[in-house]
Amino acid sequence: MLSDDDHCVVIVGGLFDQPSDDELPSKPVSTVSAWHTGAVEWEAQQPLATGRYCHATLSLQSGELLVVGGLAAAAEGPGLVGLTSVERRRRDGNWVGCAPLPHRLAEATATLLVDGKVLVCGGYDEDSTAFAMVYDPDEDRWQQIDSMAFARAGHRAARLADGRVLIVGGSQDWDGAPVDAAELWDPETQAWTTIEGPRCLRLGHSLTPLLDGRLLVTGGSGVAAVDAVEIWSPAH
């Protein structure tokens, strides 16, 4: 992810895969690494309090980093468990705990809104969810809002130029097909609107805002891996 204030790329957490001939299971890590413009090496930074992957990470308007939910190593056994914990990296580089999520959540999206708040939606614990909420970093408080029309995990979200948030793809069931409809959330009305989705069903794809206000949809998988590229225009 990109930290605009420091002009650097920061990678937070993730999954460490053991070699194939090692009986140890893969495990979420707490490491944080940064690459600064013009640097030739990555810089190790203060780690998270909890190792995690499948979490959401974004830069707040203050330049701080916010890490939401994810999966962590189970206290007993080799399994993974969903997290309610939220961590925030202050400008001094130290991580602090924030108000937790109301329930365990992984593979959710977190989108910075125009007013500096954060929209978190979808994801899964045992099943995909349509749950949506807004985090206020000034108050360190979560506000539940109306759920999406469709439960989805592995979806992608992007803020439009007018402040609305577009949700694309994701699956209601990891064994099933991705959701074909997209959704728009309006922060003014706090209402969801269901719209036509991309022609290719997708989860785990990329959703990239372009300079002209359109969005580029690439990659992911549906029934199979998707190589088609699509562009969504807010004018349609």
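Laboratory data are not the source of any read-out in this text; all were calculated from the coordinates shown. Keep in mind that this is a model prediction, so the values were computed, not measured. Note that we place each Cβ from the backbone using ideal geometry, even for glycine, and neighbour counts take in every protein chain shown.
Quick notes on this structure:
- Across the alpha-carbon atoms of region 129-236, the computed radius of gyration and Dmax are 14.0, 43 angstrom.
- Couplings 3J(HN,Hα) for region 189-205, derived from phi with the Karplus relation 6.51 cos²θ - 1.76 cosθ + 1.60 (θ = phi - 60°), are 9, 6, 10, 9, 10, 7, 10, 5, x, x, 5, 9, 5, 9, 9, x, 9 Hz, where x marks Gly and Pro.
- Footprinting exposure proxy for Thr31, Thr50, Thr129 (fewest neighbouring C-beta atoms within 10 Å first): Thr31, Thr50, Thr129
- Per-residue Cβ neighbour rank within 10 angstrom, fewest leading, Cys200, Cys121, Cys54: Cys200, Cys54, Cys121
- Considering the chain, its Cα convex hull presents a mean projected area of 14.2 nm².
- Sites matching GluC sites (Glu not before Pro) across region 170-236 that sit in DSSP coil, with at most 15 neighbouring C-beta atoms within 10 Å: Glu188
- A simple rule links phi to the HN-Hα coupling: the Karplus curve 6.51 cos²θ - 1.76 cosθ + 1.60 with θ = phi - 60°, which for region 139-146 gives 9, 6, 9, 9, 10, 6, 10, 4 Hz, with x for Gly and Pro.
- Based on every Cα atom in region 74-190, Rg and the maximum pairwise Cα distance Dmax equal 15.0, 47 Å.
- Across region 100-107, computed HN-Hα scalar couplings (Karplus, 6.51 cos²θ - 1.76 cosθ + 1.60, θ = phi - 60°) run x, 5, x, 7, 5, 7, 9, 6 Hz from first to last residue, x flagging Gly and Pro.
- Under a 5 Å amide H cut-off, with hydrogens placed 1.01 Å from N, Val179 pairs with Gly170, Ser171, Gln172 among residues at least 5 apart or on other chains.
- Considering only Leu83, Leu60, Gln45, the residue lying farthest towards the positive end of the dipole of region 39-116 is Leu83, judged by Cα position with unit charges set on Cβ.
- Legend: ranking of residues His103, His36 from fewest to most surrounding C-beta atoms inside 10 Å; resulting order His103, His36.
- In units of the rule-of-thumb radius 2.2 N^0.38 Å, region 1-100 shows an alpha carbon radius of gyration of 1.14.
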